[in-house]
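Colleague: Structure below; questions to follow.
The values are calculated or read from the model by the stated rules, or taken from the named source; none is laboratory data. Because the structure is a prediction, the values reported are computed rather than measured. FYI the Cβ positions are ideal-geometry reconstructions off the backbone, even for glycines, and counts take in every protein chain you see.
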Amino acid sequence: MKTIAILGTMDTKGAEHGFVAELIRQRGHQVLIIDVGTLGVPGINPDISRTEVAAAIGLDAAGLAAKRDRGQAVTAMSEGAPVLLARLVEERRIDGVISLGGGGGTAIATAAMRALPVGFPKLMVSTLASGNVAPYVGVKDIVMFPSIVDVAGLNRLSRMLLARAAGAICGMVEQPLPPVGDKPVIVASQFGNTTACVEQARKILEAAGYEVLVFAATGTGGRTMESLIETGLVAGVLDVTTTEWADELVGGVLAAGATRLEAAARHGVPAVVSTGCLDMVNFGERSTVPSKFAGRKFYQHNPQVTLMRTSPEECAQLGAVLADKLNGSTGSVLVLLPLRGGSGIGAPGGPFHDPVADNALYSTLKSRLRPDIEVRELDCAINDPVFAQAAAQGLLRAIKGVNGDHTSPLSG
């Protein structure tokens, strides 16, 4: 039997959360109802009151209610709920969490869920689940379940969907996890146009005794990889696909934020870094590309993805950005430059092959890097086997230099 936290605004969604609670009990599990409402009387009796949630950050729930300021109340609960829920997980009092909500409820509940470890079951039934959920999910594995109708009463459709959601969270807590394993971890960045490189390097690294976690360089992927490096559980970083910086600089849709490339540098984690897919900026459908880019070189990757070739001027700026980030490295870092193209479509004969732009990227990067950071120029494209081999072996040497062998004390 497991215990599932049911977190929500019980003043406005009490009946709906109570319905889900009963279905979970019927499945044989216990529930822990947590009220994060502030403006009305709870529709069901919570096990943890709003007073306790507010007290987690030193606030008075009665004072919040008296102000009748919904925005302030939501903000307060969005700060208190993460502290409380993380404490419950740490104390092993709950095995999963589910919530139902509209805009305010989703903001509060997902803030709490983002405070929990990856792998801990978390499900949000939300009116916002079919839109852009990135601000709510962040870099965590929150399951966003569309409510279809508003969470406003029980009817033939909401009962069906809430029953499915209850079954989903029960299934998540019931499913045993496979063994974690004890191999040291390497993280790698990959894009469709660098897949061949990373796949070849991964095989070499796995043969050497490492577990390789590959992250798609889609903004969220880069942020997630950086957050994992921050935990200290990573032995090495194969960051050959730094394309997210092109989107960050130029205004594409897959930016990972201004701190991309900082985690390994700051924590001294051995890293091999390259310029994979910095020859492209990502947009959605062709009609969504901003008009200011008219006349630029484009490539239609698929109907939903339009790629734009970075210009020599943009590439020079990207070289400066990468140098600035890598100059902060406190550990071993090797920079590999593929002189014949940094992506599958940037190699000779490809639509984005542009030696002038590539040279602007490489020359600026080299000129601004610290003199003690090693740079190797390879006369090949990034997806050529020789490049993958150089990247993998370079990283293995760097890790061995730190640890004296191929076993990292940071493997966790």
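Colleague: Show me the strands (runs of 3 or more DSSP E) entirely contained within the range 112-207 in which 3 or more residues are polar (S, T, N, Q), over 21 Å from the mean Cα position of the chain (by Cα) and buried (at least 22 other Cβ atoms within 10 Å of the Cβ).
Modeller: Details: elements: 122-126, 143-146, 185-190.
Once the strands (runs of 3 or more DSSP E) in the range 112-207 are filtered for at least 3 residues that are polar (S, T, N, Q), over 21 Å from the mean Cα position of the chain (by Cα) and buried (at least 22 other Cβ atoms within 10 Å of the Cβ), nothing remains.
Colleague: Identify, from the list Val212, Val234, the residue that is in a loop (DSSP other than H, G, I, E, B), under 22 Å from the mean Cα position of the chain (by Cα), in the same structural domain as Lys325 (by TED's automatic domain parsing) and of a type outside the set (Phe, Trp, Tyr). Write out each step before concluding.
Modeller: Values: Val212 fails: in a loop (DSSP other than H, G, I, E, B).
The unique qualifying residue is Val234.
Colleague: Going residue by residue through the range 263-277, is there one that turns out to be under 28 Å from Ala316 (Cβ atoms), surrounded by fewer than 19 Cβ atoms within 10 Å (Cβ to Cβ) and at pLDDT 95 or above?
Modeller: Among the residues of the range 263-277, at least one is under 28 Å from Ala316 (Cβ atoms), surrounded by fewer than 19 Cβ atoms within 10 Å (Cβ to Cβ) and at pLDDT 95 or above, which makes the answer yes.
Colleague: Follow-up question, since we're still on this one. Here are Gly341, Gly328: which of them is on the phi > 0 side of the Ramachandran plot and assigned to a loop (DSSP other than H, G, I, E, B)?
Modeller: Values: Gly328 fails: on the phi > 0 side of the Ramachandran plot.
Criteria check complete, one pass: Gly341.
Colleague: Does Glu91 satisfy being modelled with pLDDT of 95 or more, among the charged types (D, E, K, R), under 32 Å from the mean Cα position of the chain (by Cα) and under 25 Å from Met160 (Cα atoms)? Spell out the reasoning first.
Modeller: On the way: modelled with pLDDT of 95 or more: yes; among the charged types (D, E, K, R): yes; under 32 Å from the mean Cα position of the chain (by Cα): yes; under 25 Å from Met160 (Cα atoms): no.
Spelling it out, it is not the case that Glu91 is modelled with pLDDT of 95 or more, among the charged types (D, E, K, R), under 32 Å from the mean Cα position of the chain (by Cα) and under 25 Å from Met160 (Cα atoms).
Colleague: Here is a check on your reading of the model: is Arg309 basic (Lys, Arg) and over 27 Å from the mean Cα position of the chain (by Cα)? I'd like the intermediate steps shown before the answer.
Modeller: Numbers: basic (Lys, Arg): yes; over 27 Å from the mean Cα position of the chain (by Cα): no.
So Arg309 fails the test.
Colleague: Moving on to the next point. Among the numbered criteria (1) outside any helix (DSSP H, G or I); (2) buried (at least 18 other Cβ atoms within 10 Å of the Cβ), which single criterion is violated by Arg92?
Modeller: Tallying (1) outside any helix (DSSP H, G or I); (2) buried (at least 18 other Cβ atoms within 10 Å of the Cβ), Arg92 fails exactly one: (2).
Colleague: Oh, and also: Find the residue count for the range 244-260, including only residues that are part of a loop (DSSP other than H, G, I, E, B) and within 12 Å of Val321 (Cα to Cα).
Modeller: Of the residues in that region, 3 qualify.
Colleague: Say we look at the range 338-348 and pick out the residues that are surrounded by 19 or more Cβ atoms within 10 Å (Cβ to Cβ) and within 16 Å of Val375 (Cβ to Cβ); which of these is nearest to the chain's Cα centre (by Cα)?
Modeller: Top of the filtered list is Gly342.
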